[in-house]
């Protein structure tokens, strides 16, 4: 007989964060067994939560993002279940440990970020500039500061890194760090590179950026930087020199 597997969400209505929102909790069922997996780190206004559908009500950007994050968690859990569905190893504890990452070397995101930074260190000066390398370190610090400011945490679980977290980080970069659109987009692209690094190694089974389009805006500065002026002057000088056969002694 095939064992049924179910994922459900409920609101911890007896708790509210500073924004007056309650955490969405996660529970799984395997046959007659059930296990609570704790908070999803998704917070919702109680008046905007549907107990019937276990989703946020409405079609606002916030609702769409949160519901997409819930779908991502469900998909991840279903993938784990299907992977072990026909195995004798299948148990509710196995699904829980794989989902929470307790069966892996890495269970949280920042150590993976550090691992990625270490992996590109040897590329500096070859295929990677010092400036680009430094930018990854800045994004890592930005993300750590964001986790502390938004969730009062020093790190986040790999399975907790959802679309809603990415959206919150984008808002943090814009409103707190104060970056313009293109700077924020570049930092999000750097973060996505690290996420893909984790996904390619089987550390993350979902894509937190699936619902995010990272596009740069065209900007007319109306002026040239000093570096650009010098580059143009050098180019014109080289052209003039080639036509006059001018050489330095």
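Table: residues versus (1) surrounded by 13 or more Cβ atoms within 10 Å (Cβ to Cβ); (2) at pLDDT 90 or above; (3) under 26 Å from the mean Cα position of the chain (by Cα); (4) outside any helix (DSSP H, G or I).
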site	(1), (2), (3), (4)
191	yes, yes, yes, no
208	yes, yes, yes, yes
213	no, no, yes, yes
217	no, no, yes, yes
243	no, no, no, no
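For residue 156, state whether it is surrounded by 13 or more Cβ atoms within 10 Å (Cβ to Cβ), touching a residue at least 24 places away in the same chain (Cβ under 8 Å) and touching a strand residue (DSSP E or B) at 6+ places or on another chain (Cβ under 9 Å).
Working: surrounded by 13 or more Cβ atoms within 10 Å (Cβ to Cβ): yes; touching a residue at least 24 places away in the same chain (Cβ under 8 Å): yes; touching a strand residue (DSSP E or B) at 6+ places or on another chain (Cβ under 9 Å): yes.
Yes, satisfied.
Among the residues of the range 49-71, is there at least one that is farther than 21 Å from residue 165 by Cβ, assigned to a helix (DSSP H, G or I), touching a residue at least 40 places away in the same chain (Cβ under 8 Å) and not assigned by the TED database to the domain that holds residue 168?
No: the range 49-71 contains no residue that is farther than 21 Å from residue 165 by Cβ, assigned to a helix (DSSP H, G or I), touching a residue at least 40 places away in the same chain (Cβ under 8 Å) and not assigned by the TED database to the domain that holds residue 168.
Which residues, taken from the range 131-144, are under 15 Å from the mean Cα position of the chain (by Cα) and within 18 Å of residue 176 (Cα to Cα)? Full working, then the answer.
Of all residues in the range 131-144, those under 15 Å from the mean Cα position of the chain (by Cα) come to 136, 139-144.
Listed by number, the residues that qualify are 139, 140, 141, 142, 143, 144.
Each row is one residue, and each column tells you yes or no for (1) farther than 30 Å from residue 213 by Cβ; (2) surrounded by fewer than 19 Cβ atoms within 10 Å (Cβ to Cβ); (3) in contact with a strand residue (DSSP E or B) (Cβ under 9 Å, 6 or more places away or on another chain).
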{"site": "31", "(1), (2), (3)": "yes, yes, yes"}
{"site": "38", "(1), (2), (3)": "yes, yes, yes"}
{"site": "43", "(1), (2), (3)": "no, no, yes"}
{"site": "49", "(1), (2), (3)": "no, no, yes"}
{"site": "55", "(1), (2), (3)": "no, yes, yes"}
{"site": "68", "(1), (2), (3)": "no, yes, no"}
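Just the residues that are farther than 30 Å from residue 92 by Cα and within 24 Å of the chain's Cα centre (by Cα), please, taken from the range 35-56. Steps first, please.
Step one: list which residues in the range 35-56 are farther than 30 Å from residue 92 by Cα, which gives 45, 47-48.
If the condition is that a residue be farther than 30 Å from residue 92 by Cα and within 24 Å of the chain's Cα centre (by Cα), then 45 is the only one that fits.
Go through 176, 165 for me and flag whichever is assigned to a helix (DSSP H, G or I), within 13 Å of the chain's Cα centre (by Cα) and modelled with pLDDT of 90 or more.
Numbers: 176 fails: within 13 Å of the chain's Cα centre (by Cα).
Step by step, each of 176, 165 is checked, and only 165 is assigned to a helix (DSSP H, G or I), within 13 Å of the chain's Cα centre (by Cα) and modelled with pLDDT of 90 or more.
Looking for whichever is surrounded by fewer than 17 Cβ atoms within 10 Å (Cβ to Cβ), without any contact (Cβ under 8 Å) to a residue 40 or more places away in the chain and within 14 Å of the chain's Cα centre (by Cα) here; the options are 110, 147, 171, 128. Which one fits? Step through it out loud before you land on a result.
On the way: 110 fails: without any contact (Cβ under 8 Å) to a residue 40 or more places away in the chain; 147 fails: surrounded by fewer than 17 Cβ atoms within 10 Å (Cβ to Cβ); 128 fails: within 14 Å of the chain's Cα centre (by Cα).
That would be 171, the only listed residue that is surrounded by fewer than 17 Cβ atoms within 10 Å (Cβ to Cβ), without any contact (Cβ under 8 Å) to a residue 40 or more places away in the chain and within 14 Å of the chain's Cα centre (by Cα).
Give me a count of the residues in the range 113-153 that are touching a strand residue (DSSP E or B) at 6+ places or on another chain (Cβ under 7 Å) and more than 23 Å from residue 99 (Cβ to Cβ). Even if it seems obvious, please write down each step before you answer.
Here is the first cut: in the range 113-153, the residues touching a strand residue (DSSP E or B) at 6+ places or on another chain (Cβ under 7 Å) are 120, 130, 133, 151.
Subsequent filtering for residues that are more than 23 Å from residue 99 (Cβ to Cβ) retains 120, 130, 133.
Number satisfying all stated conditions: 3.
The values are calculated or read from the model by the stated rules, or taken from the named source; none is laboratory data. Since this is a predicted model, take the numbers as computed values, not measurements. Methodologically, a virtual Cβ is constructed for each residue, glycine included, from the backbone with ideal geometry; neighbour enumeration extends over all protein chains shown.
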